[in-house]
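Chemist: Sharing a structure here in structure tokens format.
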């Protein structure tokens, strides 16, 4: 008897591509979600085959691949719990001081950087070692924080989030950039074309670098929330919950044709070895530049 599809019992949260044929996905079991039980499962999808890496009793929306000091999958919990995985072995770590709601993570300069509310940023500098490199902390009554982080190098890092804030780290200190929006920005991409792109609620996208930023004025109205950005094969890909787009001609979104695979849910994008992975609530799919394939 065939195994039921993974999406029948699990929801997919976010993923990190390890290889072109291997992605690690944060998942949650639907029955446990219904009971409001904190947990996530880290699952690898290798050549289309699903395999459990480890389970936790804490929630997570942040995952990245550490290249330094050694190559590991690093999954970070909202309250600073960390699980790493390499060679079939799990190890546990803790970020101190305890963070306030970690939201995302990205590999920059080979090191995993995690960001969260109150403008927090933490860098994994070694095995079980994390450094607090946060921007100026938001006050207890202020609703500011980072939803996304990316960088060209360790001395050229950008973070974006609540209130439309964009901050830049130059290797020594954080400086707030002049953002042209006040909506929540949920994604940021330091693209090879020399621009940094950030996007978020209500179809808002901004581009710039340093302190020069401008709103993208869409050719046609865009109102969908934009959840993730990823550069793949000389194009910026833009993810919503139910469609994927490419950014064309500086002012237009062109919907991706999934071909025979048909439409899938979306949210998160990640890439490795010439393959783009899309992770949505109910779907994990990969694109090699020619053909889309869904795994379940």
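Chemist: Taking residue 127 as the residue in question, decide whether it is surrounded by fewer than 24 Cβ atoms within 10 Å (Cβ to Cβ) and more than 25 Å from residue 268 (Cα to Cα). First the steps, then the outcome.
Modeler: Details: surrounded by fewer than 24 Cβ atoms within 10 Å (Cβ to Cβ): yes; more than 25 Å from residue 268 (Cα to Cα): yes.
Answer is yes for this residue.
Chemist: If the requirement is being in contact with a helix residue (DSSP H, G or I) (Cβ under 8 Å, 6 or more places away or on another chain) and not in a helix (DSSP H, G or I), which of these qualifies: 96, 70, 61, 27?
Modeler: Values: 96 fails: in contact with a helix residue (DSSP H, G or I) (Cβ under 8 Å, 6 or more places away or on another chain); 70 fails: in contact with a helix residue (DSSP H, G or I) (Cβ under 8 Å, 6 or more places away or on another chain); 61 fails: in contact with a helix residue (DSSP H, G or I) (Cβ under 8 Å, 6 or more places away or on another chain).
Checking each option against the conditions leaves just 27.
Chemist: So the check is Cβ under 6 Å with 6+ separation or different chains; which pairs have a first residue in segment 124-150 that's on the phi > 0 side of the Ramachandran plot and a second one that's in a strand (DSSP E or B) and at pLDDT below 95?
Modeler: none
Chemist: Looking only at segment 221-235, count how many residues are surrounded by 21 or more Cβ atoms within 10 Å (Cβ to Cβ) and either within 19 Å of residue 17 (Cα to Cα) or modelled with pLDDT under 95 (or both).
Modeler: Residues in segment 221-235 being surrounded by 21 or more Cβ atoms within 10 Å (Cβ to Cβ) and either within 19 Å of residue 17 (Cα to Cα) or modelled with pLDDT under 95 (or both): 4 in total.
Chemist: Ok, one more. Any residue at all in segment 44-58 that is buried (at least 21 other Cβ atoms within 10 Å of the Cβ), closer than 25 Å to residue 155 by Cβ and touching a residue at least 12 places away in the same chain (Cβ under 8 Å)? Talk me through it step by step, then tell me what you get.
Modeler: Keep residues of segment 44-58 that are buried (at least 21 other Cβ atoms within 10 Å of the Cβ), which gives 45.
Still in the list and also closer than 25 Å to residue 155 by Cβ: none.
No, segment 44-58 contains no residue that is buried (at least 21 other Cβ atoms within 10 Å of the Cβ), closer than 25 Å to residue 155 by Cβ and touching a residue at least 12 places away in the same chain (Cβ under 8 Å).
Chemist: Return the residues of segment 30-40 that are surrounded by 13 or more Cβ atoms within 10 Å (Cβ to Cβ) and in a loop (DSSP other than H, G, I, E, B); say none if nothing qualifies.
Modeler: Passing the criteria: 38, 39.
Chemist: Report yes if residue 206 is under 17 Å from the mean Cα position of the chain (by Cα), assigned to a strand (DSSP E or B) and modelled with pLDDT of 95 or more, otherwise no. Before the answer, list the steps.
Modeler: Values: under 17 Å from the mean Cα position of the chain (by Cα): no; assigned to a strand (DSSP E or B): yes; modelled with pLDDT of 95 or more: yes.
It is false that residue 206 is under 17 Å from the mean Cα position of the chain (by Cα), assigned to a strand (DSSP E or B) and modelled with pLDDT of 95 or more.
Chemist: Working only within segment 273-296, note down all residues that are at pLDDT 95 or above and in a loop (DSSP other than H, G, I, E, B).
Modeler: 273, 274, 281, 282, 283, 288, 289, 290, 291
Chemist: Going by the conditions given, is residue 200 farther than 27 Å from residue 13 by Cβ and in contact (Cβ under 8 Å) with a residue 24 or more places away in the chain? Steps first, please.
Modeler: Numbers: farther than 27 Å from residue 13 by Cβ: no; in contact (Cβ under 8 Å) with a residue 24 or more places away in the chain: yes.
In short, no.
Chemist: Here's a follow-up. Looking at (1) assigned to a loop (DSSP other than H, G, I, E, B); (2) more than 16 Å from the chain's Cα centre (by Cα), which is the one condition that is false for residue 241?
Modeler: (2)
Chemist: Being closer than 21 Å to residue 144 by Cβ and either out of contact with any helix residue (DSSP H, G or I) (no Cβ under 6 Å at 6 or more places or on another chain) or exposed (fewer than 15 other Cβ atoms within 10 Å of the Cβ) (or both) is true for just one of 239, 212, 199, 191. Which residue is that? Steps first, answer last, please.
Modeler: Details: 239 fails: closer than 21 Å to residue 144 by Cβ; 212 fails: closer than 21 Å to residue 144 by Cβ; 191 fails: closer than 21 Å to residue 144 by Cβ.
Step by step, each of 239, 212, 199, 191 is checked, and only 199 is closer than 21 Å to residue 144 by Cβ and either out of contact with any helix residue (DSSP H, G or I) (no Cβ under 6 Å at 6 or more places or on another chain) or exposed (fewer than 15 other Cβ atoms within 10 Å of the Cβ) (or both).
Chemist: Taking segment 38-50 only, how many residues are touching a helix residue (DSSP H, G or I) at 6+ places or on another chain (Cβ under 9 Å) and over 16 Å from residue 19 (Cβ atoms)?
Modeler: 2
Chemist: Could you please find all residues in segment 7-24 being outside any strand (DSSP E or B) and buried (at least 19 other Cβ atoms within 10 Å of the Cβ)?
Modeler: Across segment 7-24, the qualifying residue is only 7.
Chemist: Right, here's the next one. Within segment 151-191, track down each residue that is in a loop (DSSP other than H, G, I, E, B) and closer than 18 Å to residue 216 by Cβ. Explain how you work it out, then say what you get.
Modeler: Kept after step one, since they are in a loop (DSSP other than H, G, I, E, B), are these residues of segment 151-191: 154-155, 165, 170-173, 177-184, 191.
Scanning segment 151-191 gives 165, 177, 178, 179, 180, 181, 182, 183, 184, 191.
Chemist: Confirm whether residue 218 is surrounded by 13 or more Cβ atoms within 10 Å (Cβ to Cβ) and under 30 Å from residue 70 (Cα atoms).
Modeler: no
Chemist: Same structure again: I'd like the full set of residues that are in contact with a strand residue (DSSP E or B) (Cβ under 9 Å, 6 or more places away or on another chain) and in a strand (DSSP E or B), limited to segment 211-232.
Modeler: Within segment 211-232, 213, 214, 215, 228, 229, 230, 231, 232 qualify.
Chemist: Taking the stated definitions as given, is residue 88 in contact (Cβ under 8 Å) with a residue 40 or more places away in the chain, surrounded by fewer than 22 Cβ atoms within 10 Å (Cβ to Cβ) and on the phi > 0 side of the Ramachandran plot?
Modeler: Values: in contact (Cβ under 8 Å) with a residue 40 or more places away in the chain: no; surrounded by fewer than 22 Cβ atoms within 10 Å (Cβ to Cβ): yes; on the phi > 0 side of the Ramachandran plot: yes.
So residue 88 does not fit the description; no.
Chemist: Looking at residue 139 and the list (1) part of a strand (DSSP E or B); (2) surrounded by fewer than 14 Cβ atoms within 10 Å (Cβ to Cβ), which single condition is not satisfied?
Modeler: Residue 139 satisfies all of (1) part of a strand (DSSP E or B); (2) surrounded by fewer than 14 Cβ atoms within 10 Å (Cβ to Cβ) except (1).
The values are calculated or read from the model by the stated rules, or taken from the named source; none is laboratory data. Note that the structure is a prediction, hence the values are computed from the model and not measured. Because the Cβ atoms are built from the backbone with ideal geometry, glycine has one as well, and the counts that use them run over all protein chains shown.
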